[in-house]
Structures are given as structure tokens and as C-alpha cells.
Amino acid sequence: MTPPSPLDLEARAHSEHAHELRLWLRLLTCSQLIEKRVRAGLREQFDTTLPRFDLMAQLERHPDGLKMKELSHRLMVTGGNVTGITDQLVNEGLVERMGVDGDRRAFRVRLTPHGRASFVEMAQQHESWIVEAFEGLSPRDLDSLHKLLGKVKQHQLELNQRIEE
């Protein structure tokens, strides 16, 4: 049995469901549809994956590189996942591993010049896909949506803080 498509999730929220649930499903559907477009574009135009793009994005923000453990934490994936992706990118000359002073077991990973140039090209295209995803909204709509989602984010941060206490 095939899993329901993102649109099916939203369509299943009938009127007896809470308005908040329908809104959550709408947000989830939008996110999944945009991510699907980005994944397809990265695959078709750059022969890469979203996890590889995300790892390179983290390294682009840290020119001196990051330890593997830091990458794993920032990407919220296991160390094994980071190692596999890093191995691929090293083999393609996009990233390099360097030793860490004082810790012979740790490695720092950073973009190579070739990796940086490749990432810049991918990031520009990624940005255009995101802009395209929101073309149906006016500048005023974008601003309103941003503010409203900011309220949702802030409230969720406060709820999460209370849970962690």
C-alpha cells in the first residue's frame, strides 16, 4: 500500500477536525511540496541531494570548518550519516578533512575552493526555487505570513522551554 501523498493528508482533515489541525496539515503539505521541488531540482541540475546541500551549507557558514560531531549536531543526524556524506564529498573534491590540534581522533571538515564555488551556484538556484514557491503571494501577504509564523514559532519555543524545565 502506498503512503498518502502530502495533499491526501490535508484532504483527510474533514470539518469535524479542529481548525488548528487543518492549519498544521496545510503547513506540512506546503513544506513537503516545496521540499519535493528543491530535492528534484538539486538532483536534476546538480546531481546532488538535499542532505549533501545542507552539509555544504553548514560548511559555507563556517569557512574554518566544523568538527564532524558539530556537523552531526547542526544537521540533526547521526555521525554515521555525516561520515557517509562527507566521504562522498571528499572523493569529489568538494570538502576536505583536516586534523584537529590536540585531538588525533577528531577531524575538522571544510569546503575546498571547488566546493565553495559549487555551493555558491547551488545556493543561488536554491534561492530562486524558494522565491518561486512564494510568487503567488503579494509583498504584503509575505510580510503578514512571516509575522504570523513568527508568533507560532515564539509560542512553540516558549512551550518547549516549559517542557524542558
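Readers should treat all values here as calculations from the given coordinates under stated rules, not as data from a laboratory. Everything quoted here is computed from the prediction, not taken from an experiment. When we count neighbours, we look across all protein chains shown, and the Cβ atoms used for this are built from the backbone with ideal geometry, even at glycine.
Taking 0.36 nm per residue of sequence separation and removing the Cα-Cα distance, the GLU60/VAL90 pair yields an extension gain of 9.3 nm.
Of the peptides 23-36, 48-61, the ranking by mean beta-carbon count within 10 Å, highest at the top, reads 48-61, 23-36. Full extension of the chain between ARG162 and ARG26 gives 46.3 nm of extra length, using 0.36 nm per residue less the Cα-Cα distance.
Whole-Hz Karplus values for the range 31-47 come out as 4, 5, 5, 5, 4, 4, 5, 5, 4, 5, x, 4, 5, 6, 8, 10, 6 Hz, taken residue by residue from phi with 6.51 cos²θ - 1.76 cosθ + 1.60 and θ = phi - 60°; glycine and proline positions read x. Rounded to the nearest 10 degrees, the inclination of helix 139-164 to the longest alpha-carbon principal axis of the chain is 80 degrees. Short-range pairs are left out: with C-alpha atoms under 8 Å and at least six residues apart, the relative contact order of the chain is 17 percent.
Report, in deg cm²/dmol and to the nearest 500, the calculated mean residue ellipticity at 222 nm for the chain, where each DSSP H run with n ≥ 4 adds -39500 (n - 2.57) and the sum is divided by the residue count.
Details: 7 runs with 113 residues, N = 165.
After summing the helix terms and dividing by the residues of the chain, the value is -22500 deg cm²/dmol.
For MET76 and SER144, FRET efficiency with R0 = 35 Å and r from the beta-carbon atoms, rounded to 0.05? Working from the Cβ atoms, E equals 0.75. The C-alpha atoms of the chain define a longest principal axis, and helix 50-60 lies at about 60 degrees to it. Classification of the range 105-165 by its C-alpha gyration tensor yields an oblate form. The axis ratio a/c (a ≥ b ≥ c) is 1.5 or more, and b/c is at least a/b.
So how many Å³ per residue does the convex hull of the Cα atoms of the range 27-165 work out to? Can you show the working numbers first?
Working: hull volume 20.7 nm³, N = 139.
Value for the range 27-165: 149 Å³ per residue.
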